[in-house]
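Structure first, then comments.
Read-outs throughout are calculated quantities, based only on the coordinates presented, and are distinct from any laboratory measurement. Nothing here was measured: the structure is a model prediction, and the numbers come from that model. Glycine gets a Cβ as well: all are built from the backbone with ideal geometry, and neighbour counts include every protein chain shown.
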Amino acid sequence: MLNLVIFGPPGSGKGTQGVKIAEKYSLEHVSTGDLLRNAIHNNTAEGMIAKSFIDKGELVPDDVIIDIMDVFMEKLPIDKGILFDGFPRTVAQAEALNGLLIDHGRSLSALLNLEVENEELIERLVLRGQTSGRSDDNEETIKKRLEVYEAQTLPVLDYYKKKGVYKSVKGVGDIEEIFTNICQVLDKVVEAEV
Ligand code: AMP
């Protein structure tokens, strides 16, 4: 059973490629950003906490995120693989994910990093802001999110490089071409598992 993390800066295409990966490899796609936006939409207590951080481009506190993921994994059938999108975003979350996977009888097959330069990310996110309706897709918040990514999220890569599950693909160009490159990497991960 595959359990994957799709990783990369805001605007790198995690969501777009995540949907395609989840479909091809029959995985449950879980995006913490989507779960938080749903929580905000439904006016839950977690949503209220999350909103103040999301609107500033900051990360929602680790304990809120880890609780949400624990509840999500608890409900999922044990034979269904997971694609984590937007999680983990701090080393503390990566360590917590390790514990959650063990608690739920799973292990991580690979982390797939999408590489995109900052200039391209800003262009994509500003463009997305024109139609996404997201409160954090404006130029000021985008800059903050990229700073937060470099300071708090990038160190997560070293954590997984040390574990030997780090994979990387260029996230620039045609969506289908990027997906083909991703599949080449993931097919090898699948082969290694059987
Ligand atoms: P995303 O949809 O993945 O771009 O996430 C949007 C926003 O939700 C982020 O800028 C954070 O404020 C928050 N968020 C999503 N996932 C996490 C996470 N794993 N840890 C902390 N904050 C998160």
Item checked: Cα centroid separation - the stretch 24-70 against the stretch 110-142, whole Å -> 18
Checklist line | Rg and Dmax of the chain, Cα atoms only, in Å | finding: 16.0, 46
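Tell me, what is the percent relative contact order of the chain, built from C-alpha pairs under 8 Å that lie six or more residues apart?
On the way: 254 pairs, mean separation 62.4, N = 194.
Relative contact order here is 32 percent.
Could you tell me which of rounded, prolate or oblate describes the stretch 14-60, using a ≥ b ≥ c as the square roots of the eigenvalues of the alpha-carbon gyration tensor, with rounded for a/c under 1.5 and, failing that, prolate when a/b is larger than b/c and oblate otherwise? Provide the component values of the computation, followed by the final result.
Working: a/c = 3.89, a/b = 2.17, b/c = 1.79.
Taking the square roots of the gyration eigenvalues as a ≥ b ≥ c, the stretch 14-60 is prolate.
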Notebook entry, point to check: Say the dipole of the chain comes from +1 at the beta carbon of Lys and Arg and -1 at that of Asp and Glu; which of ILE6, SER135, ASN43 then lies farthest toward its positive end?
Noted result: ILE6
Check: Do you know the relative contact order of the stretch 79-167, to the nearest whole percent, from alpha carbon pairs under 8 angstrom that are 6+ apart?
Finding: 43
Check: Each residue of the stretch 3-19 in turn: what ³J(HN,Hα) in whole Hz from Karplus with 6.51, -1.76, 1.60 and θ = phi - 60°, glycine and Pro shown as x?
Finding: 10, 10, 10, 9, 10, x, x, x, x, 7, x, 4, x, 4, 6, x, 4
Next item on the list: Would you work out the charge dipole size for the chain about its Cα centre, treating the Cβ of every Lys and Arg as +1 and the Cβ of every Asp and Glu as -1, and quote it to the nearest 20 debye?
Entry: 160
Check: Whole-Hz Karplus ³J(HN,Hα) for the stretch 20-30, in order, using 6.51 cos²θ - 1.76 cosθ + 1.60 and θ = phi - 60°, x for Gly and Pro?
Finding: 5, 5, 4, 5, 5, 9, 6, 10, 7, 8, 10
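From the Cα gyration tensor of the stretch 51-121, with a ≥ b ≥ c the square roots of its eigenvalues, which class applies: rounded if a/c is under 1.5, or else prolate if a/b is larger than b/c, or else oblate? Please list the in-between numbers first.
Values: a/c = 2.23, a/b = 1.40, b/c = 1.60.
Taking the square roots of the gyration eigenvalues as a ≥ b ≥ c, the stretch 51-121 is oblate.
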Notebook entry, point to check: In nm², what is the average projected area of the convex hull enclosing the Cα atoms of the stretch 1-113?
Noted result: 6.8
Next item on the list: Could you pull the Cα extents of the stretch 97-194 along its three principal axes, largest to smallest, in whole Å?
Entry: 44, 31, 23
Notebook entry, point to check: Per-residue HN-Hα couplings for the stretch 58-75, Karplus 6.51 cos²θ - 1.76 cosθ + 1.60 at θ = phi - 60°, whole Hz, x for Gly and Pro?
Noted result: 9, 7, 6, x, 3, 5, 5, 5, 5, 4, 4, 5, 4, 4, 4, 5, 4, 7
Next item on the list: Please list the non-local residues whose amide H lies under 5 Å from the amide H of LEU111, H modeled 1.01 Å from N, same-chain partners needing a gap of 5 or more.
Entry: VAL5, TYR166, LYS167
